[in-house]
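The block underneath contains the structure these notes are about, expressed in structure tokens.
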Amino acid sequence: MASRSYVNLLDLAGGLLDIPHMPRTIPRIMTVPGVISDLDVYGRYDGDSDVSSSGYRERKILVANMLPLQAKRDIETGKWCFSLDEDSILLQLKDGFSSDTEVIYVGSLKVEIDAHEQEQVAQKLLEDFNCIPTFLPHDVQKKFYHGFCKQQLWPLFHYMLPMFPDHGDRFDRLLWQAYVSANKIFADKVMEIINPDDDFVWVQDYHLMVLPTFLRKRYNRVKLGFFLHSPFPSSEIYRTLPVRDEILRGLLNSDLIGFHTFDYARHFLSCCKRMLGLDYESKRGHIGLDYFGRTIFIKILPVGIHMGRLESVLNLQSTSAKLKEIQEEFKGRKVILGVDDMDIFKGISLKLLAVEQLLQQNRDLKGKVVLVQIVNPARSSGKDVQEAKKETYLIAQRINDTYGSINYRPVILIDRPVPRFEKSAYYAVAECCIVNAVRDGMNLVPYKYIVCRQGTAQMDKALARKSDSPRTSMLVVSEFIGCSPSLSGAIRVNPWNIDAVADALYSAVTMNDSEKQLRHEKHYRYISSHDVAYWARSFMQDLERACKDHYTKRCWGMGLGLGFRVVSLSPGFRKLSVDHIVSAYKRTGRRAIFLDYDGTIVPKSSINKTPSPEVISMLNDMCNDPKNTVFIVSGRGRDSLSDWFTSCKMIGLAAEHGYFLRWSKDSEWETSPLSPDLDWKKIVEPVMQLYTEATDGSNIETKESALVWHHQDADPDFGSCQAKELLNHLESVLANEPAVVIRGQHIVEVKPQGLNKGLVAEKVLSTMVNDGNPPDFVMCVGDDISDEDMFESILRTVSCPSLPVVPEIFACTVGQKPSKAKYYLDDPADVLKLLQGLGASSKPKSRHLAQFQVSFESTV
């Protein structure tokens with residue numbers, strides 16, 4: 001059932017997916033002399049441009065919620081002044097691109113610009129910084145960022161559900177509409193400057209998850225990457241979102257989707273499987289999702305830090321001076337450092353409780369250990385933030401009252417904007433750094449801490465420290481943050497387990513220096529080699545690889561609103577026209593027709609598998625035509641097929657993938673000479689029974705020649721996992737048996753070796769040739785992997801030199817997917833329309849009418 005979340009965006013004001021037919025407000029950026037053409041301004045761009053891109057400078061368009069700029073208004077002149085934000089990751093990742101790459105930024109400013117100033121500011125930002133501002137209307141910005149992003153997506157992606165009205169905001173469709181509107185505005189800005197033949201677009205984070213849909217609709221072959229910097233929740237959490245499908249499909253309109261950890265990627269893939277029915281596979285080490293013929297690749301790589309930027313701060317004289325001051329202040333004490341934003345997910349209060357437990361259990365540490373907690377300004381100002389702040393201060397006060405003294409405070413809260421040099425000095429002094437977040441996308445605090453503990457040559461000189469002196473560090477990190485998997489030398493903790501965190505802190509402050517040195521060196525090697533430039537370069541290389549086949553396939557769009565997607569298929573693969581095949585059918589005199597059953601004539605989702613009277617009637621019309629040889633080729637047993645087609649006297653049946661074959665109702669069943677020994681079934685059945693008992697919703701289908709394990713009604717992930725394990729198990733125990741194990745859609749089947757549907761086609765066609773009735777028309781329709789054998793066999797058999805004439809071939813798969821067939825039909829309903837057309841052409845009255853028409857014409 002379609003959700004009410006604006007599958008048809010005509011419900012949104014202005015029709016958000018309609019591309020405005022108006023001149024560009026900002027011209028395309030010209031990087032070399034020449035003419036830049038506005039390709040297909042008034043129609044959808046399909047990527048088939050004749051404009052040469054020779055001499056074009058490589059260009060990347062980076063799209064994020066905020067531009068990497070600082071803005072302030074000059075008090076004297078009243079004009080806006082802008083400068084680059086050197087701490088922005090958008091600016092830093094440029095180091096991963098070649099020096100001749102032009103980078104253009106699209107995003108919002110951190111300040112609101114009056115409408116009459118926007119055009120002038122936009123021109124200035126474009127000329128001075130290569131930035132394209134979006135200028136969201138105030139109401140849209142508020143509902144988009146502070147509403148949908150911060151009050152709905154952010155909590156949900158951090159595993160917080162709005163169970164009660166005072167515990168998070170419930171889904172609000174007006175906020176969702178603002179989110180879609182904002183994404184559309186961002187997309188429009190990209191469309192104003194993009195050269196779709198050459199440019200790469202890289203979209204950042206959860207604020208812009210439906211933007212890929214708008215771009216993909218306008219440019220079917222756009223080269224588009226997306227990176228999610230926040231966690232992606234498990235399917236049980238994500239599926240509660242009313243617009244879950246729209247967001248998933250938005251992301252799937254990218255070519256490459258990046259995540260910090262495998263856990264986040266696994267959750268996304270699980271959602272795609274459970275909600276959209278999409279399977280994924282590893283292709284030469286890269287995870288890929290097949291989505292309507294396009295392969296969407298998944299990238300797993302945590303972002304790094306900018307080493308040069310951090311080291312330049314360490315080299316500042318103010319940093320060295322502050323470091324000496326902090327060392328003197330905490331002389332004789334070990335500093336444990338925490339640096340966190342003030343929000344409910346950072347676990348600051350849990351961290352304080354662990355410190356309290358540490359001091360309670362280890363009285364000898366009183367006066368020797370200090371927790372310095374730097375609290376960054378909150379990014380939002382909701383009720384939950386205020387409550388978290390209040391709780392933090394209460395616990396800190398209690399600890400200081402209980403374990404402190406006149407000259408000693410165990411907990412020092414620094415709740416003010418802290419300059420970068422001061423923060424770096426605290427990093428360099430701290431014996432241990434703790435990041436105790438209950439959920440966080442990445443968190444680069446541990447990386448910064450390690451680099452600051454390493455120091456620089458200039459810093460060593462300022463501190464009169466030997467450059468070869470051993471460096472040490474200790475990390476206590478939550479297992480629920482994105483950087484945790486990459487820090488194998490850290491002590492990983494469950495932040496909710498106060499005792500375990502207290503024990504980890506004790507281990508950190510009491511560990512010997514040699515052990516701390518080994519851990520530090522291991523971390524520093526990883527962090528220094530996997531910096532932000534490495535991350536950007538690696539992502540862009542994978543994006544280029546993901547897009548390399550864009551122009552080798554035919555693309556076209558389908559679907560309304562946020563359900564839009566692009567179908568991408570090989571150039572020779574096209575939809576079978578009923579008129580075209582009926583025309584060929586009428587002009588040929590000897591026809592061979594092969595039809596699969598499940599998923600072809602009847603939908604796989606149908607509970608009642610019996611063919612309808614209409615289907616029987618169509619098949620009888622075709623079978624009663626003496627020019628036709630019609631076969632149903634199925635994996636089902638012969639008893640079922642005999643019962644279902646008892647009223648079709650002339651139809652041929654091939655049961656159990658061709659193990660049994662019957663030319664008509666009056667003929668006897670023939671048995672395949674392949675592998676008459678079926679003793680292997682005694683080995684297979686107990687193994688399948690074991691997996692059936694362990695997998696709720698699975699069952700075994702027993703055939704005369706085969707055994708099939710079905711898991712269609714099992715949990716999708718568990719069923720798929722069990723099928724994979726069963727496949728390996730059976731291949732192992734049947735290594736020396738004349739049987740083959742095949743995994744299909746929701747099944748694992750064991751059948752005689754060498755048996756497949758292709759043998760049926762070969763036998764029927766060769767019999768027709770030997771009987772002196774070589775076919776001049778061959779049609780084969782099927783929907784799954786077992787039917788590919790038929791397609792391949794037909795193409796091989798008809799090319800045999802013994803055939804007097806090459807027949808017309810119509811190999812057709814059901815569903816738009818990679819196939820050996822040349823044609824496709826969308827679904828079983830299309831197949832029935834095809835059969836109806838062929839059946840009508842075979843009806844006796846049609847032939848009599850044709851004879852009458854010929855006679856009448858000759859008389860006239």
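The values are calculated or read from the model by the stated rules, or taken from the named source; none is laboratory data. Since the model is a prediction, treat every value here as computed from it, not as a measurement. So basically every Cβ, Gly included, is an ideal-geometry build from the backbone, and we count neighbours across all protein chains shown. Heavy atoms of the whole protein, side chains included, go into the accessibility calculation; ligands, DNA and RNA do not. Shrake-Rupley method; radii C 1.70, N 1.55, O 1.52, S 1.80 Å.
State to the nearest 20 debye the size of the charge dipole of the range 677-750 about its Cα centre, where the only charges are +1 on K and R beta carbons and -1 on D and E beta carbons.
It works out to roughly 140 debye.
How large is the helix-only mean residue ellipticity at 222 nm for the chain, computed as the sum of -39500 (n - 2.57) over DSSP H runs with n ≥ 4, divided by its residue count, in deg cm²/dmol to the nearest 500?
-12000 deg cm²/dmol
Between beta-carbons, use under 13 Å as the cut-off and find the net charge around Tyr524, counting Lys and Arg +1, Asp and Glu -1.
Values: positive: Lys448, Arg453, Arg471, Lys516, Arg519, Lys522, Arg525; negative: Glu311, Glu521, Asp531.
Taking every other residue near Tyr524 into account, the sum is +4.
For the pair Glu515/Glu236, report the inter-label distance in nm, with labels modelled 7 Å from Cα in the Cβ direction.
So the label points at Glu515 and Glu236 sit 3.5 nm apart.
Net charge around Ser230, counting only other residues with Cβ within less than 14 Å of its Cβ (Lys, Arg = +1; Asp, Glu = -1)?
Net charge around Ser230: -1.
What size of dipole, in debye to the nearest 20, comes out for the chain about its Cα centre when the only charges are +1 on Lys and Arg C-beta atoms and -1 on Asp and Glu C-beta atoms?
The dipole magnitude comes to about 1320 debye.
How much space per residue, in cubic angstrom, does the convex hull of the C-alpha atoms of the range 710-801 take up?
That works out to 115 Å³ per residue.
Computing the accessible area with a 1.4 Å probe over protein heavy atoms, can you report the carbon and sulfur percentage for the chain?
51
Say the dipole of the range 87-203 comes from +1 at the beta carbon of Lys and Arg and -1 at that of Asp and Glu; which of Ser108, Leu125, Met163 then lies farthest toward its positive end?
Of the listed residues, the answer is Met163.
Once the dipole of the chain is set up with Lys and Arg at +1 and Asp and Glu at -1 on Cβ about the Cα centre, which of Ser667, Gln360, Pro818 lies farthest towards its positive end?
Result: Gln360, furthest along the dipole toward the positive end.
Work out the FRET efficiency for Ser732 and Glu328 from their Cβ-Cβ distance, taking R0 = 60 Å, and round it to the nearest 0.05. Don't jump to the answer; show the numbers that get you there.
Values: r = 68 Å, r/R0 = 1.13.
With a Förster radius of 60 Å, E is 0.30.
With point charges of +1 on the Cβ of Lys and Arg and -1 on the Cβ of Asp and Glu, referenced to the Cα centre of the chain, which listed residue (Pro738, Val438, Thr240) lies farthest in the positive direction of the dipole?
Final value for the positive-end residue is Val438.
Can you give me the three principal axis dimensions of the range 751-811 from its C-alpha atoms, in Å, biggest first?
35, 22, 15
Is the shape of the range 305-529 best called rounded, prolate or oblate, per the rule: a/c under 1.5 gives rounded, else a/b larger than b/c gives prolate, else oblate, with a ≥ b ≥ c the square roots of the Cα gyration tensor eigenvalues?
Verdict is rounded for the range 305-529.
Please compute one quarter of the surface area of the Cα convex hull for the range 677-750 and express it in square nanometres.
With every direction weighted equally, the projected area is 4.2 nm².
What does the charge count near Val831 come to, summing +1 for each Lys or Arg and -1 for each Asp or Glu among other residues with Cβ under 11 Å from its Cβ? Walk me through the numbers before you get to the answer.
Details: positive: Lys833; negative: Asp596, Asp783, Asp826, Asp827, Asp830.
Summing Lys/Arg as +1 and Asp/Glu as -1 gives -4.
When the Kirkwood hydrodynamic radius is evaluated over all pairs of different C-alpha atoms of the range 649-776, what value in angstrom, to one decimal, is obtained? Show your work: numbers first, answer last.
Values: mean 1/r = 0.0619 Å⁻¹.
That comes to 16.1 Å for the range 649-776.
Where the only charges are on Cβ atoms (+1 Lys, Arg; -1 Asp, Glu), what is the dipole of the range 230-294 about its Cα centre, to the nearest 20 debye?
For this selection, approximately 60 debye.
Take the eigenvalues of the Cα gyration tensor for the range 139-220, scale each by 5, and report the square roots as semi-axes in whole Å, largest first.
29, 13, 9
Report the dimensions of the chain along its three principal axes from the alpha-carbon atoms, largest first, rounded to Å.
Between the extreme Cα coordinates on each principal axis of the chain lie 116, 68, 53 Å.
So what are the three principal axis dimensions of the range 331-408 from its Cα atoms, in whole Å, longest to shortest?
40, 21, 21
On average over all directions, what projected area in square nanometres does the range 57-298 have, based on the convex hull of its Cα atoms?
Result: 14.7 nm².
Calculate the FRET efficiency for Arg173 and Glu76 from the Cβ-Cβ distance with a Förster distance of 35 Å, rounded to the nearest 0.05.
After rounding to 0.05, the efficiency reads 0.15.
Tell me, what does the Kirkwood hydrodynamic radius of the range 429-537 come to in angstroms if you use every pair of distinct C-alpha atoms?
14.6
Measure off 7 Å from each Cα along the Cα-to-Cβ vector at Leu560 and Lys682, then give the distance between these two points in nanometres to one decimal.
The modelled label-to-label distance comes out at 6.1 nm.
Find the accessible area per residue for the chain; the probe is 1.4 Å, ligands and nucleic acids are left out, and the unit is Å².
I get 44 Å² per residue for the chain.
Simple spin-label model, 7 Å along Cα-to-Cβ: Ile785 to Glu86 in nm?
The modelled label-to-label distance comes out at 5.6 nm.
Shape call for the range 156-301 from the C-alpha gyration tensor, a ≥ b ≥ c root eigenvalues: rounded (a/c under 1.5), prolate (a/b greater than b/c) or oblate? List each step's numbers first, then the result.
Values: a/c = 1.99, a/b = 1.19, b/c = 1.67.
Cα axes put the range 156-301 in the oblate bin.
Below 8 Å, C-alpha to C-alpha, sequence gap of six or more: please give me the relative contact order for the chain in percent.
About 10 percent, as a whole number.
Under the rule a/c < 1.5 gives rounded, and otherwise a/b versus b/c splits prolate from oblate, where does the range 555-646 land using the Cα gyration tensor?
Oblate, since a/c reaches 1.5 and b/c is not below a/b.
How do Phe718, Phe214 stack up against each other in accessible area, from largest to smallest, with a 1.4 angstrom probe? Working shown, then result.
Details: Phe718 90, Phe214 5 Å².
In descending accessible area the options line up as Phe718, Phe214.
Output the peptides 504-513, 591-600, 114-123 sorted from most to least packed, where packing is the average of other Cβ atoms within 10 Å over each peptide's residues. Numbers along the way, then the final one.
Working: 504-513: 17.0, 591-600: 23.4, 114-123: 12.5.
With the highest mean Cβ count within 10 Å placed first, the list reads 591-600, 504-513, 114-123.
Under 15 Å from the 7 Å Cα→Cβ point of His286, by amide nitrogen: which residues of the range 221-236?
Residues 223-226 qualify, since their backbone N sits under 15 Å from the label point.
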